[in-house]
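Just so it is clear, none of the values below were taken in a lab; they were calculated from the coordinates. Here the structure is a predicted model, which is why all the values come from computation and not from measurement. A quick note on method: Cβ atoms are made from the backbone with ideal geometry, for glycine too, and the neighbour counts reach across all protein chains shown.
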Amino acid sequence: MPNRCPSTGGQRACLQDPATTRTRVEPTNRHVASRLRSNDHTPPRVVQMSMMKFVVASILLVSASVLAAPQGEATRLVQAPQLDGLVAADVAWADVTAMTGFTQVQPQEGAPASQRTEVFMGFTDDTLYLGIICYDDEPDQIIVSNSQRDSGLEDEDSVRFVIDSFRSEQSGFVFGTNPAGLEFDGQIVNTGANNFRNKGINTNWDTTWEVATQVGDFGWSAEFAIPFKSLRYAGEDVQTWNANFERTIRRNNETVYWAPIPMQYGLNRLTLAGSVQGIETPAQRNLKITPYGLGKSSRGGSLAETEDGGDVGFDIKYSVTPSVTLDLTYNTDFAQVEVDDQQVNLDRFSLFFREKRPFFLENAGIFEVGVPRELSLFFSRRIGIGPGGQQIPINAGVRLSGKVAGVNNLGFLYMQTDEVGGVAPRTDFTVARFSRELRNRSSIGALVVNRDDDLTDNQTYALDGQWGVGENTTYTAFFSQTETEGVDEDDHAFHLSGAYNGEIWSYNLSYSQVGVGFNPEVGFLARRDYRRVSTRIGKRIRYGKDSSILQLRPHASYNSYWNFDGSHESSRLHLDQVIEWKNGAMLSMAVDFFHEGVLQAFEIIDGVVVPKDEFDHEEFRVFASTDQSAVLGFGLEARAGGFFGGNRVSAKPSVTYRLGETFNAKLSVDHNDVDLPGGDFKVNLTQLKLSYFFTPKMSLQGFVQHNDRHELLSTNLRFSWLRSANSGLYVVYNETDDNFNFPGRPRREFMIKYSHIFDIM
């Protein structure tokens, strides 16, 4: 263990002082050896037998420790730590036993971590505390690249941990940070099967907690303070929670875990987590009221004159039980939420946009049923957002969500939106969800979604299930039906899939069917009226420690869609080879074979029509990226080949620049050069993102987008000063130059919003 003292505050000085050095049980035979040495009259054979027994016992003990998940213990703290990041120098941690013994998952799976990590867990009457010391022999090589809340943390030195407070092995809360004190939190539901971008973690979920960090010549350390009221658990008692801890040492492209996890999995694999016992949980008393005030001024665009106004509203959060939460919202406004990334759509199917509004994000995974990004039976962006992306006022809403009896997931949501002339009538939305967790990542559930307005109503019903076999195989299925006034055609949909994810091989096979009349108006359908077959097979080829290559990932996939009349609408055969280097760089080289059956002519761009016909073509694709943790990083996605009877060449280069954790910039251009029998055209989408972080809670961000297809230039400037999760001061300026619809009349909007959390109890 390193014995270094930091330049800041003497972090490790206390570890050289016998009076303050922590006591740890080392896996040695000191006591046995001492007894043998002190007894000169012990017969040699007895000594040999004793030694043999000890060796055998040691082997068995070591074997058990390898096979069994690690165990730790939380300690009631005499006093709360001083939240400054100086873990070792704080006497509050003196009697807490460290959890250590981390193991690599990459680059050398199963090898000991190259640097020592110590984790301490303690608690007071109302708060769970964690102290983590990340020793580093080369502290000047620590990489910090971001301060933005919920950034991915893969491209920098960081720690993350998951808490499965119900020991369900399917759901949990994730927290993390980097040496700059970034706040990362998220939720895992159904072991991350809903395919959130960050390895199965819903990072859009936020809660109230604090973290402080310190960097010194010992490495770096962090202290977390998480109020029990920000968590959910079974009840008031002394409890054992499942947990796992992850550390990234970025210069080595090294990821280590307290409870070892195979490379194909991540922190969301809760079946492989360790356990921490002795956590004394208090009775859950949680009532928070978050009012907001907003002032807004708008002019230009479709407005004949300047419009000034203001608004107020509030959110209420109340813990019905320690595991079930009631949320209320009135006159909800999401003007502070970051704008959507524009996308280039050169096809006839719908694009998917992520939900970013805070109220819809807690326990969002409970309501998820369907196929991610293709068929979602409940899609919260259908509430309060019009078909053209315009904001529809939300009058009020209520959500009841959480766990009952530790294994039953309950979700209920009701929202009412106001009438907007020419866009949407006053509408009521109701969603009810129940699922029961079974053993080994298995579950069964039901979903009901209702949309009702003065003109029409629509219902969606669904049954779904998941069956885990062993650690690597999972089967999923759902069946759904909709009811829509005036629609009598086939209104069902179902999906069946099986997947295997082993250390070397992975494969899946699925079948989906969506009837002609299937109409989930509060869901998302990329396309309608189809039968779909999909399969994929992949292999991981890992390299040794002396190679600069981390792994090769050759894989092949096939997707095909048929309509119910037998028409072959589209298919894609994808052959790909991915190379990952240990420094974080990546190269993908692929070839795609497409079939497109255009059943109805469509206008791909103004004046250019793709006719009704069948097209077969090939396309070559390259994706490459350099080490994204470097100060300067580059990326490129390029493709060239046939396209609807013609040709397409596209390139999407990007460059990122990072100045430590304070300044980030990314410039990307999506260029498409299309040559079709019906006409030639070029489409360019340029995006520039700039972020400056004064502190992890205070930032200035700019986002500029130019879409030459729609002659649209949009600018979003956002200053935020957060007091806690999703509350604080926001100052937002938006400008949209829509030369296609309003030439010479840019729409300008200035907004100030302030919200504050009142912690009533």
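State the Cα centre-to-centre distance between segment 302-357 and segment 719-740 in whole Å. Computed from Cα coordinates, the inter-centre distance equals 13 Å. Comparing L153, F479, T203 along the charge dipole axis of the chain, the residue lying farthest to the positive side is L153, per the Cβ-charge model. With everything on Cα atoms, drop me the angle between helix 44-67 and the longest principal axis of the chain, reported from 0 to 90° to the nearest 10. Roughly 10 degrees between the two axes. When I394, I188, I605 are arranged by Cβ crowding within 10 Å, least crowded first, meaning fewest neighbours, the order is I605, I394, I188. Excluding same-chain neighbours fewer than eight residues apart, the aspartates and glutamates reachable from K682 by a Cα-Cα span under 14 Å are D606, D670, D673, D708, E711. Between I504 and Q277, full extension at 0.36 nm per residue minus the direct alpha carbon distance yields a gain of 78.3 nm. Between V324 and Q600, the modelled labels are 4.5 nm apart [label points 7 Å from Cα along Cα→Cβ]. Taking Cα extents along the principal axes in Å as calculated from this structure, the corresponding entry among [x] 92, 76, 67; [y] 119, 70, 64; [z] 101, 55, 49 is [z].
How large is the Rg to Rh ratio of segment 494-641 when both quantities use alpha carbon positions and Rh follows Kirkwood? Don't skip to the end; give the middle numbers.
Numbers: Rg = 19.3 Å, Rh = 18.3 Å.
Rg/Rh for segment 494-641 comes to 1.06.
Applying the criteria of a DSSP loop state and at most 10 other Cβ atoms within 10 Å to the GluC sites (Glu not before Pro) of segment 412-502 yields E485.
Placing unit charges on the Cβ atoms only, positive for Lys and Arg and negative for Asp and Glu, gives the chain a dipole magnitude near 2640 debye about its Cα centre.
Can you give the FRET efficiency for R536 and T97, using 1/(1 + (r/R0)^6), R0 = 56 Å, r = Cβ-Cβ distance, to the nearest 0.05?
Working: r = 45 Å, r/R0 = 0.80.
According to the calculation, E is roughly 0.80.
Note on K682 and V398: the extension gain reaches 97.6 nm, defined as 0.36 nm multiplied by sequence separation minus the Cα-Cα distance.
Apply 1/(1 + (r/R0)^6) to the Cβ-Cβ distance of N331 and S547, taking R0 = 56 Å, and write down the FRET efficiency to the nearest 0.05.
On the way: r = 59 Å, r/R0 = 1.05.
It comes to 0.40.
Counting neighbouring beta carbons within 10 Å and listing from fewest to most, the residues M415, M589 come out as M589, M415.
Taking trypsin sites (Lys or Arg not before Pro) across segment 383-445, the ones in a DSSP loop with at most 16 further Cβ atoms lying within 10 angstrom of their Cβ are R426, R439.
Tell me, how many Å apart are the Cα centres for segment 396-410 and for segment 600-658? Using only Cα atoms to place each centre, the spacing works out to 43 Å.
Here segment 76-210 is treated as an ellipsoid with the same Cα gyration tensor; its semi-axes, largest first and in whole Å, are 23, 21, 16.
Once you've got the Cα coordinates, tell me which of K229/K689; K296/K697; K356/K666; K582/K666 are over 32 Å apart. Mind showing how you got there, number by number?
Values: K229/K689 35 Å; K296/K697 23 Å; K356/K666 20 Å; K582/K666 23 Å.
The answer is K229/K689.
The calculated FRET efficiency for the pair H756 and L455, based on their C-beta separation and a Förster distance of 60 Å, comes to about 0.90.
Taking 7 Å steps out from each Cα toward its Cβ at L659 and F349 produces label points 4.3 nm apart.
Sorting W205, W258 from the fewest to the most surrounding beta carbons within 10 angstrom yields W205, W258. Placing dummy labels 7 Å off each Cα toward the beta-carbon, the span from F742 to M589 is 5.0 nm.
Length available on full extension from V622 to L667: 0.36 nm per residue minus the Cα-Cα distance, which gives 14.3 nm. The trypsin sites (Lys or Arg not before Pro) of segment 275-326 that meet both conditions, a loop assignment by DSSP and at most 14 other Cβ atoms within 10 Å of the site Cβ, are R285.
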